[in-house]
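The values are calculated or read from the model by the stated rules, or taken from the named source; none is laboratory data. All values reported here derive from a predicted model rather than from experimental measurement. Neighbour counts are summed over all protein chains in view; Cβ atoms, including those assigned to glycine, are modelled from backbone coordinates with ideal geometry.
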Amino acid sequence: MARHKTIRIGCGAGFQGDRIDPAVILAAQGRLDWMVLECLAERTVAMAQLRRLADPDLGYDPLLRARMQALLPLLKRNRFRLISNLGAANPLAAGRQVIAIAAELGLKLKVAVVTGDDVLDRLEPGTATLETGQPVCEFGTPISANAYLGADAILPAIATGAEVIITGRVADPSMFLAPMIREFGWPLEAPTLLGRGTVIGHLLECAGQLTGGYFADPGRKAVRDLAHLGFPFCDVGADGNGTLGKVAGTGGMITLATVKEQLLYEVIDPGAYVTPDVVADFSGVDLIDMGEDRVRVENGTGSARTGTLKVSVGYRAGYIGEGEISYAGPNARARAVLAGAIMHERLHHDLPDVRIDLIGVDSTHRTDFGHPHDPYEVRLRVAASGSTRELAERVGLEVEALYTNGPAGGGGARKFISERVGIVSTLMPRDQVTTGVVRMSTDRQLPQAAAISPPPTPGRT
Amino acid sequence: MSATHRILHDLAHCRAGDKGDTSILSLIAYRADDFPLLVKQVTAEAVASHLKDIVRGEVTRHVLPKLCALQFVCEHALGTGVTTSTALDTHGKALSFALLAMPIELSEDQPGSP
């Protein structure tokens, strides 16, 4: 393979609910070789598992249909390949849906589904959690347990030649790293290359957060045309270094500042960013501004991967009830404070963790740093967790009742109820996680009966 | 030399991330010239003190000279974490601007603005 070859990998979604239009622009005009859609946050799998428990054909990303309808025709026309974790808690059902959508659109398509992240049947109840050291079982009955798979689990799916690769839980940067390993023939024991590829995957994985999204601060940090924010791609070379860019004419920007914010985003130790593939070191990365929304990323590094995989465990954590009501005009804050005290008195016996926030005063940072002020309007927020829906619903009912049973001039009451899924993490030895690939095709409406499992590799499983 | 009081927002930008109950706050100097001042004044202890009403655990600082950036890892900062907190901003996404509200002392020869 020629040393000067580069591949272009774009990111068409950075979270479950991300915008679809920028992905369409990338797919249409980005001259991509690969597109990745990252759609799975920590608790998204557990929430998806609840949907799957209610209906065994569900449990994949609810936006799968909309994303595929928009992107599949462009994928066929422009011949790029797509990797996405929107399989969530049910990657096989997601794969079948992608095939069905392709058939509806009159497209011939091959899909490969990565399996094996679901390890609920192997989860030891006594396993210590990373968060507190307490055993997993003390948090409640697990409803989901998913191992973060790495690039090695995605590679056999790529090798099938499928145009769309669907996964459940995989580490986000691994979806970007897998095509680099495939196209450049990197060995899986090359931590410097894997570290560099992981840096690029990490930079791309939140899509618009690299191109000026979540960045603008008027008067300090201007971002042009944020309303039409474009999503990023990277031209990666065989040495693992790359140049970030976006489609000309889209909004947003790629500068040293936007790249630095994203490089450090959610990184607990910049010298040791642990993924299933490598322990990457971001601390020596060089960023070079090439102008015109292009930034060169060089000199990431890494050391050998660990012997374990992180497992995200979801458990039912009851319900959360919320209620809000607004006070405005003279003495607004005092009336809201009085209403909050009344809510605490009426609720705390049954809902001991009841929380009173004054929106406009101290709700977001949970403090006003000792500088109280009297805003023109204040919105009271009351929240509490309850073991049952009925208990949690009391919060909203009591807030609503402030109309006739509380201070003067409350308005705009709203109530909300949501089921909570808690997440804790643990580690699992790699040899307890077996991954596989299931191939599907529009030529053959049903998935192949037998899964293809990669052969076990000593020292790598 | 007289000193002027500013806030970090005048010198640096920040993005907040979360892992479980841990909040991760970057602090990136607009100008390389201001980075030594950030290293000197914005210590882990100073940040822990500034965020004392928010962060209940340890604050660890990483220094990243190539990026002119500091990274603060704040434990027990999100009231049990994204999935079970009753707080409004469960992820602590907005805590970036809590850090940027931190006062800082500038000497007169260090005008410090982006």
Restricting to region A:94-133, and then to whatever is touching a strand residue (DSSP E or B) at 6+ places or on another chain (Cβ under 7 Å) and closer than 15 Å to A:ARG67 by Cβ, can you tell me which residue is farthest from the other protein chains (Cβ to nearest Cβ)? A:LEU109
The condition from (1) at the interface with chain A (Cβ under 9 Å from one of its Cβ atoms); (2) more than 19 Å from B:GLU105 (Cβ to Cβ) that B:VAL55 misses is numbered (1)
Given the conditions (1) more than 14 Å from chain B (Cβ to nearest Cβ); (2) touching a Leu at 6+ places or on another chain (Cβ under 8 Å), and given that A:LEU358 satisfies all but one, which numbered condition is not satisfied? (1)
Enumeration of residues in region A:133-160 that are closer than 15 Å to A:ILE423 by Cβ and touching a residue at least 60 places away in the same chain (Cβ under 8 Å): A:VAL136, A:PHE139, A:GLY140, A:THR141, A:PRO142, A:ILE143, A:SER144, A:ALA145, A:ASN146, A:ALA147, A:TYR148
Of (1) of a type outside the set (D, E, K, R); (2) closer than 30 Å to A:MET343 by Cβ; (3) surrounded by fewer than 22 Cβ atoms within 10 Å (Cβ to Cβ), A:ILE325 satisfies all except one. Which? (3)
Exactly one of A:THR255, A:THR211 is within 27 Å of A:LYS5 (Cβ to Cβ) and either hydroxyl-bearing (Ser, Thr, Tyr) or facing chain B (nearest Cβ under 8 Å) (or both), and that one is A:THR211
What about A:ASP357, is it assigned to a loop (DSSP other than H, G, I, E, B) and under 18 Å from A:SER385 (Cβ atoms)? no
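Restricting to region A:298-355, count the residues that are free of Cβ contacts under 8 Å to residues at least 40 places away in the same chain and not assigned by TED's automatic domain parsing to the domain that holds A:GLY150.
Adding up the residues that qualify gives 12.
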I want to confirm something. Restricting to region A:412-433 and keeping residues that are surrounded by fewer than 19 Cβ atoms within 10 Å (Cβ to Cβ) and small (Gly, Ala, Ser), which single residue is nearest to the chain's Cα centre (by Cα)? A:SER425
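Out of the residues in region A:378-399 meeting the condition of being assigned to a strand (DSSP E or B) and among the small types (Gly, Ala, Ser), tell me which one is nearest to A:SER326 (Cα to Cα).
Filtering region A:378-399 for residues assigned to a strand (DSSP E or B) gives A:378-386.
When the remaining residues are screened for being among the small types (Gly, Ala, Ser), the result is A:383-386.
On the way: A:ALA383: 15, A:ALA384: 19, A:SER385: 22, A:GLY386: 24 Å.
Among those that are assigned to a strand (DSSP E or B) and among the small types (Gly, Ala, Ser), it is A:ALA383.
Mind listing just one residue for me: the one in region B:17-39 that is part of a strand (DSSP E or B) and among the aliphatic types (A, V, I, L, M) and, of those, farthest from B:GLY92 (Cα to Cα)?
Initially, region B:17-39 is screened for residues part of a strand (DSSP E or B), giving B:17-19, B:22-29.
Going one step further and asking which of them are among the aliphatic types (A, V, I, L, M), we end up with B:24-25, B:27-29.
On the way: B:ILE24: 9, B:LEU25: 10, B:LEU27: 16, B:ILE28: 18, B:ALA29: 22 Å.
Here the answer is B:ALA29.
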Which numbered condition in (1) over 23 Å from A:PRO218 (Cα atoms); (2) part of a strand (DSSP E or B) is the only one that B:HIS5 fails? (1)
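Within region A:256-273, count every residue that is outside any helix (DSSP H, G or I) and not hydroxyl-bearing (Ser, Thr, Tyr). Give the derivation first.
Applying the first criterion (outside any helix (DSSP H, G or I)) to region A:256-273 yields A:264-273.
Now restrict to residues that are not hydroxyl-bearing (Ser, Thr, Tyr): A:264, A:266-272.
Looking only at that region, the number is 8.
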Working only within region A:365-397, note down all residues that are surrounded by 19 or more Cβ atoms within 10 Å (Cβ to Cβ) and within 11 Å of chain B (Cβ to nearest Cβ). A:HIS365, A:ARG366, A:ARG379, A:ARG381, A:VAL382, A:ALA383, A:ALA384, A:SER385, A:GLY386, A:ALA392, A:VAL395
Which one of these does B:TYR30 not meet: (1) under 30 Å from A:ALA41 (Cα atoms); (2) surrounded by 17 or more Cβ atoms within 10 Å (Cβ to Cβ); (3) within 12 Å of chain A (Cβ to nearest Cβ)? (1)
Would region A:222-243 turn up any residue that is surrounded by fewer than 18 Cβ atoms within 10 Å (Cβ to Cβ) and within 14 Å of another protein chain (Cβ to nearest Cβ)? yes
